[in-house]
Structure formats: C-alpha cells, structure tokens
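The values are calculated or read from the model by the stated rules, or taken from the named source; none is laboratory data. From a predicted model like this one, the values you see are computed outputs, not experimental measurements. Using ideal geometry, Cβ is built from the backbone for each residue, glycine included, and neighbour counts are taken over all protein chains shown.
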Amino acid sequence: MSEPTIALVTGANKGIGYEIAAGLGALGWRVGVGARDEARREAAVEKLRAAGVDAFGVPLDVTDDESAAAAARQLDRLDVLVNNAAITGGMPQTPTTVDPATMRTVVETNVIGVIRVTNAMLPLLRRSPRPRIVNMSSTVGSLTRQAAGGDDTGPISAAYAPSKTFLNAVTVQYAKELHGTNILINAGCPGYTATDLNAFRGFRTPEQGAQIAIRLATLPDDGPTGGFFDDDGEIPW
C-alpha cells in the first residue's frame, strides 16, 4: 500500500483552518493540526478523529522561529502545507490613526509567519513527489479591486488588507524561485466567511471557505503556480 498524503494546516484548531483539515482528511490524507494553544489544538484533533480523520497535533506558533523549526522536526514527511493562520490586528484600522505596532504585529503573523513556516517545511516538501503550498489570502489584498472601490472591498484596513497584498507578492516570489521544481504554490481567498476573525459577520460557512484551499492543495502536476484564486477562478492582482 502507498503511504498516505500528509498535510499540515496552520491555525487549524478552528474556523476555516479546521474545515480545511477536515476536508483534506476526508480524502484519506493524514493531517497535522498546527496551532499554538494546546487545549484547542488537542480538542480539534479529537473532534477530527471522531469524524474519521487521521489527525495529529503539531504545536506551532508561526511568529516563533524555534516553534517552526520544532514543528518541522516533528514530521517525517510532508506533502502539502496550508498557511492559514492569520490575524486582523483589530478594527478600525484607518491609515491616519493606525498604531505602527499593529502593522508590525499583523505582518509578523500574516507574512513573516508564512515565510518562517514555509522555509522550515521546504526540506520536507522537496522530498515529496507532489508538493503543494497554499497561502490563504483574501480579495481585500487585490489592489485592482481595492482601487476600483465598491461595496465588496471591505472596510478601510491599513494593516490587514496590505498584509494580504504583501502575502500575494511573496507567493509570486516563491513561485519564481521554485520554477522548474515540482512544488506548486498559490494564494487562495475563502470569500467572506463567518469566523471569529470578522466577528462572524461573513455570509459563507467555514466549510465553503475551505474549498479553495482543498482545491489548490489537490492540484494536478500541470496545475498553476504563483496564482491568486477563489471559487470563481483567478483574482486580479
């Protein structure tokens, strides 16, 4: 029998991250639940196992170098990494009043955290026959959509929205460096999903929000890389 595909999902103890783990587990994959809070992490693992998912906990604080390195040491193999952990930094976030410390905190988690974890996991991913990296972004990071205005661009956000623009740019740079390898890396938007990130104001369910990550995690070998997608297709930068 062939070995199961192994995935790691950061911020997987709740919300979209949990549903990504559940969806990948339903495919028969073994799924690591990355989270820094031990009680919430283990509760999520137990719930996933009760649903038939081969889940295991991975202590992981994406803002800590040693935590990311320790998480990588815990794994023997890795085929798919889903960088889902993120924060908003709190609202409102008008550019004229935002605290620079808020900017630093948001970027540390939403951008540098992705780089930190991705680089820690890359040696494992390079040994996989079909490695995939999914960076959970947002359409609020689309400069094209933000500049166009309208009701669907979200509130003014000096930290969160630019952090997703930054993440998209980093995703492209990874795709450029990894060109010619079998690693596919893409950014995906879950849509306006009801989670505690937005005080449950979204109109999509976490299960719906997870679908784009599951699709990008299961891309065929000739699938896209360095792209930005939601359920409707490619998102303009």
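What is the residue count in region 30-44 for residues that are farther than 9 Å from Asn13 by Cβ, part of a helix (DSSP H, G or I) and under 18 Å from the mean Cα position of the chain (by Cα)?
Number of matching residues: 0.
Give all pairs with beta carbons closer than 8 Å in which a residue from region 101-120 that is free of Cβ contacts under 8 Å to residues at least 12 places away in the same chain and closer than 14 Å to Lys164 by Cβ meets a residue that is of a type in the set (Lys, Arg) and buried (at least 17 other Cβ atoms within 10 Å of the Cβ); count only pairs at least 6 apart in sequence or on separate chains.
none
Which condition from (1) of a type outside the set (Asp, Glu); (2) in contact (Cβ under 8 Å) with a residue 24 or more places away in the chain; (3) farther than 21 Å from Leu167 by Cβ; (4) surrounded by 17 or more Cβ atoms within 10 Å (Cβ to Cβ) is the one that Arg40 breaks?
Checking Arg40 against (1) of a type outside the set (Asp, Glu); (2) in contact (Cβ under 8 Å) with a residue 24 or more places away in the chain; (3) farther than 21 Å from Leu167 by Cβ; (4) surrounded by 17 or more Cβ atoms within 10 Å (Cβ to Cβ), the one that fails is (4).
Do the conditions hold for Ala12, that is, is it in contact with a helix residue (DSSP H, G or I) (Cβ under 8 Å, 6 or more places away or on another chain), at pLDDT 95 or above, within 19 Å of Asn135 (Cβ to Cβ) and in a loop (DSSP other than H, G, I, E, B)?
Answer is yes for this residue.
Among the listed residues Ala147, Ala175, which satisfies the condition of being farther than 23 Å from Glu66 by Cα, in a helix (DSSP H, G or I) and in contact with a strand residue (DSSP E or B) (Cβ under 6 Å, 6 or more places away or on another chain)?
Answer to the check: Ala175.
Which of the residues that make up region 1-37 are in contact with an Asp or Glu (Cβ under 8 Å, 6 or more places away or on another chain), farther than 14 Å from Pro206 by Cβ and touching a residue at least 60 places away in the same chain (Cβ under 8 Å)?
Hits for region 1-37 are Thr5, Ile6, Ala7.
Quick one: in region 10-25, of everything that is under 16 Å from Asp79 (Cα atoms) and aliphatic (A, V, I, L, M), which residue is surrounded by the fewest Cβ atoms within 10 Å (Cβ to Cβ)?
Going through the qualifying residues, I end up with Leu24.
Looking at Thr218, Thr205, can you tell me which residue is at pLDDT 95 or above, surrounded by fewer than 21 Cβ atoms within 10 Å (Cβ to Cβ) and of a type in the set (Ser, Thr, Tyr)?
Thr218
Please go through region 45-73 and pick out each residue that is in a helix (DSSP H, G or I) and closer than 19 Å to Gly25 by Cα.
Residues satisfying the conditions are Val45, Glu46, Lys47, Leu48, Arg49, Ala50.
If you scan region 122-144, which residues turn out to be within 22 Å of Cys189 (Cβ to Cβ) and either of a type in the set (S, T, N, Q) or surrounded by fewer than 19 Cβ atoms within 10 Å (Cβ to Cβ) (or both)?
Within region 122-144, Asn135, Ser137, Ser138, Thr139, Ser142, Leu143, Thr144 meet the criteria.
Could you please let me know if Ala55 is more than 23 Å from Thr105 (Cα to Cα), out of contact with any strand residue (DSSP E or B) (no Cβ under 7 Å at 6 or more places or on another chain) and surrounded by 16 or more Cβ atoms within 10 Å (Cβ to Cβ)?
no
List the number of the failed condition for Asn119; all other conditions in (1) within 20 Å of Thr10 (Cβ to Cβ); (2) of a type outside the set (Phe, Trp, Tyr); (3) surrounded by fewer than 17 Cβ atoms within 10 Å (Cβ to Cβ); (4) modelled with pLDDT under 95 hold.
Asn119 satisfies every listed condition except (4).
Which of the following residues is loosely packed, with under 15 Cβ neighbours inside 10 Å, closer than 19 Å to Gly15 by Cβ and either charged (D, E, K, R) or at pLDDT below 95 (or both): Ala194, Ala199, Ala147?
Every option except Ala199 fails the conditions.
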